[in-house]
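Here's the structure we're looking at; comments come further down.
Rule-based calculations on the coordinates, nothing more; no lab input. Remember, it's a predicted structure, so these values are computed and weren't measured experimentally. Backbone-built Cβ (ideal geometry, glycine too); neighbour counts: all protein chains shown.
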Amino acid sequence: MTPKLTSPGLFATALIHTCLLLSACMSQYTWVKPGGTPSQLASAKLGCDERALDLYPITLDTRTSYRTQTVDYVCTTAATRDTPAEKGVCQREERVPETTRFDINQSQRSAYVNTCLASQGWVYTKLES
């Protein structure tokens, strides 16, 4: 049976598992199941990944943000009665656009996979050191 994320309970479970995954950079975690083998986990994960991709296909979007950059340019000083105009290098700040492409469905796929594995009895657990 494939779970759907329409139930508030399943959504909350997915959210909890997503938070656990995000904290994985601080500690090592893995999916475990009593009597489960690495091969069974790989098979379950593949099935969940495939279903998640069907439900939440890769959808790329573009986001533009801006950063400030200092730019050198040639400038001329104003001439006065005592000094002639001089050329030099001046600086100014410019806003520069940066475009990023991202998959808007990535978090939904990840949450679905976590819920799917949990519904099959797999538990995301911290590894003992």
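For a quick check of your reading of the filter: which trypsin sites (Lys or Arg not before Pro) in region 40-103 sit in a DSSP loop and have no more than 14 other Cβ atoms within 10 Å? Qualifying residues, ordered by number: Arg81. In a simple Cβ point-charge model (Lys, Arg +1; Asp, Glu -1; nothing else charged), region 60-103 has a dipole of about 80 debye relative to its Cα centre.
Only four residue types carry charge here, +1 at the Cβ of Lys and Arg and -1 at the Cβ of Asp and Glu. Report the dipole size of region 29-129 about the Cα centre in Debye, rounded to the nearest 20. Please list the in-between numbers first.
Values: 12 positive and 12 negative charges, 46 e Å.
Approximately 220 debye in magnitude.
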